[in-house]
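Below: one structure, written as C-alpha cells.
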Amino acid sequence: MKSLTNIILISLVGLSCQSDAQQYETIQAAPAIRKNLSDTELLDVVQKQTFQYFWDGAEPTSGAARERYHADNIYPENDKSTVATGATGFGLMAILSGIDRGYVTKKDGLARLHKILDFLARADRFHGAWPHWFYGETGKVRPFGKKDNGGDLVETSFVAQALICINSYYKNGTAAEKALAKKADELWKGIDFSWYRNGKNILYWHWSPEYQWEMNFPVKGYNECLIMYVLAAASPTHGVPASVYHEGWAMNGEIKTDFKFYGHPFTLDYQGQKNSVGPLFWAHYSYLGLNPKGLKDRYADYWQNNVNHTLAIHDYCVANPKKFKGYGPDNWGLTASYSVKGYAAHNPQEDFGVISPTAAISSIPYTPKESMKVIRHLYENLGDKVWGKYGFYDAFSETENWYSKRYLGIDQGPMVVMIENYRSGLLWKLFMGNPDVQKGLNTLGFESPELKK
C-alpha cells in the first residue's frame, strides 16, 4: 500500500512555491496585532480570525470552503474557485462554532449553512460520496488526479461528521432550523459506505465511474482515517459490520505495536513511519467530532495516543536534531502544509525546517500550555510575517527566510474546531450525542464515558 505521504505528494503536484520576488505582489492588509492579551482573549482573536476563512473567504457561488486562498492572488493551477470537500466539512463545523460564539448572527449562519447543504445536495456524488474537489460555480467534479475523478470516501467522511453535528445542533429548533437538520440527516444517510468495500472486508478510498477501482487504495491504519470506519459502522442505511474495521483498518491486529519515540509510548503502528509518528493532522482530522477523551478499544487509548503524538513532535522540535533556525518550546509543529519544497507531510522523518501553525494550534486540547506558547510567540513576536487576513498563514521557515502568505482550507478548519473543543467541547458534544454514532462505536467495541450502553 502506498504511504499517505506519497499519496499527498503525488496528488498535489503543482503546488510549487515561488520566490518572494515573484510571489508577493499584492499582499492584503493583515488585522492589527494587539499586545498584552490574556490567553482567553488571544484564543478568541485567533479563533474568530481563522473562522473568517470559511465566512468571508468562502467560494461565493456555493458558500463552501475554498481549497486554498493566496493573498498574492497568484494561482498557478487556476484553482481560486476550487471547493475542497474535506475543507468544507471542517468549515461547516467552524461555522457552527462561529454561530454559537456570536461571530455571525444566527440568521446569517443558518442561511449560509442552508446554502452550503443545498450545494452539496446538487453537487456530483458517486454512490453517495463526494469527490475530493469541485468546481465551486457548478458543483461538478474537478479531478484530483487523472483517475481520482469520482467519489472520495475519506473526504466525504469529513463532511459527514459535520452533517451529524449540524443535525444535532438544529433538530429541536425552529421550522427553518429543523429543515436544515433534515437536510443534513438525509445527506449523511445517503453515503453508501457499504459500496466502498468493493466486496471485501475493508473500505476503499476512491471509486470512479470511468476508472472504477483502478486507484486501488484500500484504507488501512493508522493514519487520519479512523473517522471513516466509525461512520461506516454508524450508518443506519449503508452500514458495514465490525469485521470491516477489525480485518481492514486494524489489519487483523497488525495495527498494534509497541515503541517509544522521544520517551513517549505508542501502541499504534503509524503508517509508513517505522517506530516513529506521522504528521500531526493524524491527531486532528478524525477527532474534530469524535471525542478522544476516554476513547479506547482493543488497539489504543486514543486520548493518550494523541497527547503522546503531540508531545513527541513537541519534544523532537525542541531537541531540533537538524538545527533549524527558530525551533524551540514556543515554535514547534510538524504536519502536512505548504513547504519550501512545494507541499509536504512534515513529520520527524520528513522535516525541512518548516513550521505549520495548525499543527500546534489544532493540538491545543492535548497540550494547552505548549500550544499557547506557540500561539503567543507567532502572534506577538513574528506578527505580520505569519499573521494575515484569515489568521496565521499556512507555513513558514525561519531557516529559509520563507514566509508564505497563503492558506489551505484543510489546515484552517481544524484550528477553529479544536480551539472550540478545547474551550467548550461543542463539536464533541454534538457528534458524540448522535444515536447513530453511539451505535457505531458500540458495534466496533469502543469504550467512552459518553457511550450509552
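The values are calculated or read from the model by the stated rules, or taken from the named source; none is laboratory data. Small disclaimer: the values here were computed from a predicted structure and weren't measured. Neighbour counts run over all protein chains shown; Cβ positions are idealised from the backbone, glycine included. We work out accessible area using only protein heavy atoms, side chains counted, and drop any ligands, DNA or RNA first. Shrake-Rupley method; radii C 1.70, N 1.55, O 1.52, S 1.80 Å.
You will find that of Gly289, Gly278, Gly248, the residue that is small (Gly, Ala, Ser), under 30 Å from Pro435 (Cα atoms), surrounded by 22 or more Cβ atoms within 10 Å (Cβ to Cβ) and in contact (Cβ under 8 Å) with a residue 60 or more places away in the chain is Gly289 and no other.
Inclusion of Ala87 among residues that are in contact (Cβ under 8 Å) with a residue 40 or more places away in the chain, open to solvent by less than 30 Å² (accessible area, probe 1.4 Å), in contact with a strand residue (DSSP E or B) (Cβ under 6 Å, 6 or more places away or on another chain) and not polar (S, T, N, Q) is not warranted.
Looking only at region 29-79, filter to residues that are among the polar types (S, T, N, Q) and without any contact (Cβ under 8 Å) to a residue 40 or more places away in the chain; which one of those is least open to solvent (accessible area, probe 1.4 Å)? Break it down stepwise before answering.
First, pick out the residues of region 29-79 that are among the polar types (S, T, N, Q): 36, 38, 40, 47, 49-50, 52, 61-62, 73, 78.
Still in the list and also without any contact (Cβ under 8 Å) to a residue 40 or more places away in the chain: 36, 38, 40, 78.
Details: Asn36: 142, Ser38: 52, Thr40: 92, Asn78: 131 Å².
Checking each candidate, the answer is Ser38.
Consider region 166-179 and keep the residues that are hydrophobic (A, V, I, L, M, F, W, C) and surrounded by fewer than 23 Cβ atoms within 10 Å (Cβ to Cβ). The one that is farthest from Ala123 (Cα to Cα) is Ala175. Reported count of residues in region 180-223, each being open to solvent by 10 Å² or more (accessible area, probe 1.4 Å), touching a strand residue (DSSP E or B) at 6+ places or on another chain (Cβ under 6 Å), in contact (Cβ under 8 Å) with a residue 60 or more places away in the chain and over 27 Å from Thr257 (Cα atoms), is 2. Put simply, of Glu450, Glu370, Glu380 the only residue that is surrounded by fewer than 24 Cβ atoms within 10 Å (Cβ to Cβ), among the charged types (D, E, K, R) and in a loop (DSSP other than H, G, I, E, B) is Glu450.
Residue check: is Lys296 farther than 25 Å from Leu444 by Cα and more than 18 Å from the chain's Cα centre (by Cα)?
So Lys296 does not fit the description; no.
Filtered by the rule that a residue be assigned to a helix (DSSP H, G or I) and either small (Gly, Ala, Ser) or buried (at least 20 other Cβ atoms within 10 Å of the Cβ) (or both), region 383-402 gives a lone residue, Gly383.
Would you point out the residue of region 323-341, among those that are open to solvent by less than 10 Å² (accessible area, probe 1.4 Å) and of a type outside the set (Ser, Thr, Tyr), that is nearest to the chain's Cα centre (by Cα)? For region 323-341, the residue satisfying everything is Ala336.
From the list Ser276, Ser286, the one residue that fits, being in a helix (DSSP H, G or I) and either touching a Pro at 6+ places or on another chain (Cβ under 9 Å) or on the phi < 0 side of the Ramachandran plot (or both), is Ser286.
Would you point out which residue out of His284, His238 is closer than 28 Å to Asp411 by Cβ and buried (at least 16 other Cβ atoms within 10 Å of the Cβ)? Talk me through it step by step, then tell me what you get.
Numbers: His238 fails: closer than 28 Å to Asp411 by Cβ.
Step by step, each of His284, His238 is checked, and only His284 is closer than 28 Å to Asp411 by Cβ and buried (at least 16 other Cβ atoms within 10 Å of the Cβ).
Taking region 34-149 and the helices (runs of 4 or more DSSP H) fully enclosed by it, no element has 1 or more residues that are modelled with pLDDT under 95. Counting the residues of region 403-447 that are within 24 Å of Lys385 (Cα to Cα), of a type in the set (Ser, Thr, Tyr) and open to solvent by 10 Å² or more (accessible area, probe 1.4 Å) gives 1.
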